[in-house]
1. On the basis of being under 25 Å from Val207 (Cα atoms) and at pLDDT 95 or above, does Val94 make the cut?
2. Taking the condition of being out of contact with any helix residue (DSSP H, G or I) (no Cβ under 7 Å at 6 or more places or on another chain), modelled with pLDDT under 95 and either crowded, with 21+ Cβ neighbours inside 10 Å or in a helix (DSSP H, G or I) (or both), how many residues in region 157-181 meet it?
3. Tally the residues that are in a helix (DSSP H, G or I) and under 20 Å from Gln155 (Cα atoms), restricting the search to region 21-67.
4. Can you name every residue in region 1-26 that is under 17 Å from Ile75 (Cα atoms) and at pLDDT below 90?
5. For region 121-138, enumerate the residues that are within 23 Å of Thr161 (Cα to Cα) and exposed (fewer than 14 other Cβ atoms within 10 Å of the Cβ).
6. Taking region 182-214 as the search range and keeping residues that are within 19 Å of Leu163 (Cβ to Cβ) and in a loop (DSSP other than H, G, I, E, B), which one is modelled with the lowest pLDDT?
7. Test each condition in (1) outside the structural domain of Leu188 (by TED's automatic domain parsing); (2) part of a helix (DSSP H, G or I); (3) more than 24 Å from Glu208 (Cβ to Cβ) for Ile108 and report the one that comes out false.
8. In a loop (DSSP other than H, G, I, E, B) and either in contact with a Pro (Cβ under 7 Å, 6 or more places away or on another chain) or outside the structural domain of Leu163 (by TED's automatic domain parsing) (or both): does that describe Glu76?
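The values are calculated or read from the model by the stated rules, or taken from the named source; none is laboratory data. Every value quoted in this text rests on a predicted model; they were computed, and no experiment measured them. Virtual Cβ from ideal backbone geometry, glycine too; neighbours counted across all protein chains shown.
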Amino acid sequence: MTKSLEPVSQHQPNVIEDRIIYAALSGYIAPGERLGEKELSEIFNVSRTLVREAMIRLQARGIVEVMSRRGWFVIEPTVEEARDTINARRALEVGMIATLDKVTPEKIAILRQHVQAEEQALAEDDRARRSYLLGHFHVCLAETIGNPVLGSILQDLTTRTVLIAALYQSTHDAHESCAEHSQIIDALEANDATEAARLMDEHLRHVEKALNYREGASRMENLKAALRTGPAL
């Protein structure tokens, strides 16, 4: 993670949260990863007090958690939390689209540019940028056709979804996800909010279906299952 980030000035109070969320969406940090205050203060060139304040804000947004005497860690959602997160996204995003008025050509152009950036990242096999853009499409959509408040909420939910996908081994193909984004825009451009909402619902169901949930299994049981096959020792 550290090599992808540049030190920032303490005059930019939200940069720490923004960079951590970007790193999570890009796959640079993983569920359960420890975020040490000392290391972050050195990376961002700020005091540990500012880092701690940023961590508290990220904790309130459901991105990190603090463990007594151990420090700050990126969340590791349970299966139930994972499903709740995706269901919350479905309610917000499908509802947002279903109640839309006409989307202007200018807004369609913004969304098209985002998908074009996704396609470029796919063509260049830039996995970090690809991961970020595919997740951030939903934030861009909310900010473009919805409102900034909804965009902020979806950014947190989308970040949690990316961490969920990393934790539960999502197999949803990036090319398929990009194509589904484009289809949603096609429906919006045709002023067919009902179809766009249906496509968004289908897209999010694909994301959920791709998660390899292990109901009721402990971390040790999952590890045993992962290591059970292979050459004889």
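1. Working: under 25 Å from Val207 (Cα atoms): yes; at pLDDT 95 or above: yes.
Taking the combined requirement at face value, the residue satisfies it.
2. Residues in region 157-181 being out of contact with any helix residue (DSSP H, G or I) (no Cβ under 7 Å at 6 or more places or on another chain), modelled with pLDDT under 95 and either crowded, with 21+ Cβ neighbours inside 10 Å or in a helix (DSSP H, G or I) (or both): 3 in total.
3. Keep residues of region 21-67 that are in a helix (DSSP H, G or I), which gives 21-26, 37-44, 48-60.
From what is left, the residues that are under 20 Å from Gln155 (Cα atoms) are 21-26, 53-60.
Total meeting the criteria: 14.
4. Start the filter on region 1-26 by keeping residues that are under 17 Å from Ile75 (Cα atoms), which leaves 1, 16-26.
Once the filter is applied, which keeps residues that are under 17 Å from Ile75 (Cα atoms) and at pLDDT below 90, region 1-26 yields only Met1.
5. Step one: filter region 121-138 for residues within 23 Å of Thr161 (Cα to Cα), giving 121-122, 125-138.
Listed by number, the residues that qualify are Asp125, Arg127.
6. Filtering first and then ranking leaves Arg214.
7. (1)
8. Details: in a loop (DSSP other than H, G, I, E, B): yes; either in contact with a Pro (Cβ under 7 Å, 6 or more places away or on another chain) or outside the structural domain of Leu163 (by TED's automatic domain parsing) (or both): yes.
Against the criterion (in a loop (DSSP other than H, G, I, E, B) and either in contact with a Pro (Cβ under 7 Å, 6 or more places away or on another chain) or outside the structural domain of Leu163 (by TED's automatic domain parsing) (or both)), Glu76 qualifies.
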